[in-house]
Amino acid sequence: MSEHVALHVASITPDIRRQALRYLLLTDGRTLGPYQASSIIACSVSKGCEFDESLERQLERADQIYAAKQLAMSYLGYAHHTEMEVRHYLNGKEVTQSISEEVIGWLREQQWVNDEEIGQYLIQRAKQPGSTKSKKMLASKMMKRGLSSASIASVMQNEIYDEIPAAILLAEKKWNEFVRKQVDNPKMRLAAYLSRRGFSNSTIRKILKELNEFESN
């Protein structure tokens with residue numbers, strides 16, 4: 001039986017046209033690659049090191065992770081996105097789940113993604129004049145964008161949002177519509193409308209109280 005001869009890396013050469021890529025020349029004469037230079041460093045590949053199928057798989061995976069990172073950073077370059085949104089984007093690019101999760105973990109460490117910051121941003125937008133969002137609607141929007149229940153609770157606790165101005169704005173518009181159309185039980189209808197928009201019972205009671213005070217004056 002012939003003795004198995006271990007393969008080694010004879011040399012590492014750069015791609016002439018793409019400086020970030022490297023080729024590996026093995027001692028059996030084969031040339032493999034190109035691989036990302038960062039992948040070669042991450043896998044501790046150097047001239048003279050032993051090369052086997054396990055190391056080849058490591059290099060291929062490192063290259064896949066690099067490519068997925070580039071996709072994710074390009075996606076995040078257009079707008080802020082949650083971890084769930086990045087995950088869906090990478091899935092659409094046929095990135096495997098394990099690599100996707102590794103990339104998201106890296107993005108989190110690098111502060112490229114921060115779900116709570118997005119939650120804070122949504123609340124700040126809702127505080128702008130003319131907003132008609134209730135706390136419940138805000139929480140629902142955060143959930144749709146992928147924020148966890150814990151993250152939503154943390155954001156809502158740390159970012160004070162008063163839904164009363166939004167409720168007043170909606171109530172005024174709807175009340176004028178009810179008066180114009182002379183609908184029956186306008187206050188009951190108004191309360192039901194605000195409830196459907198996600199406003200709390202305490203907020204609705206305050207709106208109806210102000211309406212009663214306005215009518216009595």
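Is at least one residue of segment 15-25 under 19 Å from Gly146 (Cβ atoms), at pLDDT 95 or above and surrounded by 18 or more Cβ atoms within 10 Å (Cβ to Cβ)? No, the conditions are met nowhere in segment 15-25. Exactly one residue out of Ala62, Ala72 is crowded, with 17+ Cβ neighbours inside 10 Å, in contact (Cβ under 8 Å) with a residue 40 or more places away in the chain, assigned by TED's automatic domain parsing to the domain that holds Val103 and under 27 Å from the mean Cα position of the chain (by Cα), and it is Ala72.
Do any residues in segment 18-39 that are free of Cβ contacts under 8 Å to residues at least 40 places away in the same chain and farther than 22 Å from Ala6 by Cα have Cβ atoms under 6 Å from those of residues that are part of a loop (DSSP other than H, G, I, E, B) and among the aliphatic types (A, V, I, L, M), where the two are at least six apart or on different chains, and which pairs are they? The qualifying pairs are Ala37/Ala20. Of the residues Lys173, Lys181, Lys135, only one is charged (D, E, K, R) and not assigned by TED's automatic domain parsing to the domain that holds Phe199; which? Checking each option against the conditions leaves just Lys135. Residues that are of a type in the set (D, E, K, R) and assigned to a loop (DSSP other than H, G, I, E, B): does segment 82-98 have at least one? The answer is yes; a qualifying residue exists.
The values are calculated or read from the model by the stated rules, or taken from the named source; none is laboratory data. What you see is a predicted model; the values in this text were computed from it and never measured. Glycine also receives a Cβ, built like all others from the backbone with ideal geometry; neighbour counts cover every protein chain displayed.
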